Amino acid sequence: MKRHIYIIVTFSLTVALNSCGEQPNTADQVAIQSAASMDQRIQITQAQFEQSNMILGTLEEKSFPNLIFVNGMIDVPPENRAVVNATMGGYITTTSLLVGDVVRKGQVLVTIENPEFIKLQQEYLEVSEQLSYLKSEYDRQVRMNAENITSQKSYLKAESEYKTAVAKHTGLDKQLRMINISPSSVRSGNISSAVSIYAPISGSITKVNISKGSYLSPATEILEIIDTDHIHLELSVFEKDILKIKKGQEIDFKIPEASSDTYKAEVHLVGTSIEENRTIKVHGHINNEEQTDFLTGMFIDAHIITSTAFAKAVPNQAVVEVDGLFYVLVLDQKEGDTYYFNQEEVVVKRSYNGFTELENKSSFDSETTFLIQGAFNLLGD
């Protein structure tokens, strides 16, 4: 739509005066100046107004929050993340899991084999057999010592041997349990060269670092399991902003690589130590978490709302940027089926949630009417 500049009146008056050969009097000069003052206005007919779906509006009272912009990632609490290791080394005999597989707590993850497992079970059996004999001998020495029919040396020797065997038996029992071998099964004569490693939590496998036949040392990370039933935001806030962050403040965040949607969360915990990059960790809980399908490690852009103030504002569509400057169209008057707009330069203070606060809004009052939809088509011409 092209701008209609009012030059017709000026041109007509000039032609009329020149044709009569007369000099313009004061009234004529006022008329010419009045017409010239209208030259800068933009004219829109009622038909054009309706065809372009234009809308008029006034300043509205809107809330504008004070924001702290941060970034971070989707993460899970420490108790929802498990790294699986082997207490003793061995060779992988079975493994069928891949990244992304879902496992339940107690499920067999891998099986490893090592001759040392056999040796450990043999030692446990030997001590178990000795323990019953040493216990009976110690009890005998206790009775004889009470009746003064044995030497103190024999009594102390029996006591020492029995208690040493008990300590060794207890230690071997704990070692067997740590590698998931049942001591009662060993006492029944079941000795195995292979042990199974079980899932400590339920969740999804995110890392697998072994393959069948490979040797697994106790320091090797077998795999990682993450339970995503509860996820949260792990944000990094700069030192200069941290004193403004409080528990319960609202967080708006986006996942720019995956979606343009905005999600809600709130500050749950504020860290008390400063990282090497001069940031502090802030922990946020996601609203309606059960309705999301985020993945751990997703990068997020977020802002934390620290406070809110109310101000007069216009919709974002009412403000048009032209060559680095911002303008609005203010309704000057309406005559018949024609609207007349003045182009006013404004200074944008801030924008939020579809509305823009103007720095120089004091030049407008509550009766000022703006073109809040369709201004771009006019100022962009």
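The values are calculated or read from the model by the stated rules, or taken from the named source; none is laboratory data. Note that this is a predicted model, so its numbers are computed, not measured. Reconstructed Cβ throughout: ideal geometry from the backbone, glycine too, with neighbour counts over all protein chains shown. All accessible areas refer to the heavy atoms of the entire protein, side chains included, with ligands and DNA or RNA removed. Shrake-Rupley method; radii C 1.70, N 1.55, O 1.52, S 1.80 Å.
Points worth noting:
- P(r) tail fraction, segment 41-104 - alpha-carbon pairs more than 17 Å apart, %: 77
- Folded to 0 to 90 degrees: helix 115-146 orientation relative to the chain principal axis, Cα: 50
- The shape of segment 316-381 can be summarised by an equivalent ellipsoid whose semi-axes, obtained from the alpha carbon gyration tensor, come to 20, 14, 11 Å from longest to shortest.
- The long axis of helix 26-37 is offset from the longest Cα principal axis of the chain by roughly 20 degrees.
- These residues, K174, K153, K312, K247, go from largest to smallest accessible area, 1.4 Å probe, as K153, K247, K174, K312.
- Taking every C-alpha pair closer than 8 Å and separated by at least 6 residues, the mean separation divided by the residue count of segment 103-250 gives a relative contact order of 33 percent.
- Counting only DSSP beta bridges whose two residues both lie in the chain, roughly 100 percent are antiparallel.
- About the centre of its Cα atoms, segment 226-381 shows a dipole size close to 600 debye [charges on the beta carbon of Lys, Arg (+1) and Asp, Glu (-1) only; nearest 20 debye].
- Cut-off under 5 Å, modelled amide H: who pairs with K349 long-range: E357, L358, E359
- Extension gain from E289 to N66, taking 0.36 nm per residue of separation minus the Cα-Cα distance: 77.7 nm
- Within the chain, helix-based [θ] at 222 nm, where runs of 4 or more DSSP H residues each add -39,500 (n - 2.57), nearest 500: -8500 deg cm²/dmol
- Semi-axis lengths, Å, segment 36-184, gyration tensor of Cα atoms, sqrt of 5 times eigenvalues: 86, 24, 11
- Positive-pole candidate from V320, T308, T368, dipole of the chain, charges at beta carbon: T308
- Cα-only Debye scattering, segment 187-329: base-10 log of I(q)/I(0) at q = 0.17 Å⁻¹: -1.11
- The mean sequence distance of close C-alpha pairs (under 8 Å, at least 6 residues apart), as a share of the length of the chain, puts its relative contact order at 26 percent.
- Share of carbon and sulfur in the accessible heavy-atom surface of segment 219-369 [1.4 Å probe, %]: 46
- Highest-MSF residue in the chain out of F294, F326, F238 [GNM, Cα springs under 10 Å]: F326
- Distant-in-sequence amide H partners of I55 (H built 1.01 Å from N, under 5 Å): I372, Q373
- The C-alpha atoms of the chain define a longest principal axis, and helix 152-178 lies at about 40 degrees to it.
- Relative counts (whole %) of C-alpha pair distances in segment 142-241, using bins that are 5 Å wide: 2, 8, 10, 11, 10, 10, 10, 9, 6, 6, 5, 5, 4, 2, 1, 1, 0
- Student exercise, the chain dipole from Lys, Arg, Asp, Glu Cβ charges, in Debye to nearest 20: 2160
- Cα extents for the chain along the principal axes, largest to smallest and rounded to whole angstrom: 154, 45, 32.
- Each eigenvalue of the Cα gyration tensor of segment 71-148, multiplied by 5 and square-rooted, gives one semi-axis; in descending order these are 49, 20, 10 Å.
- Farthest toward the positive end of the dipole of the chain, out of S154, M73, S132, is the Cα of S154, where the dipole comes from beta carbon charges about the Cα centre.
- Rounded to the nearest 20, the size of the Cβ-charge dipole of segment 271-311 about its Cα centre is 240 debye, with Lys and Arg at +1 and Asp and Glu at -1.
- log10 of Debye I(q)/I(0), alpha-carbon scatterers only, for segment 228-312 at 0.14, 0.15, 0.23 Å⁻¹: -0.51, -0.58, -1.19
- Extension gain (nm, one decimal) between S196 and S52, 0.36 nm per residue minus Cα-Cα: 44.6 nm
- 10 °C / 1.306 mPa s Stokes-Einstein diffusion coefficient of segment 157-211, Kirkwood radius on C-alpha pairs, µm²/s: 111
- Per residue value of the accessible surface for the chain (all protein chains in place, 1.4 Å probe), Å²: 58
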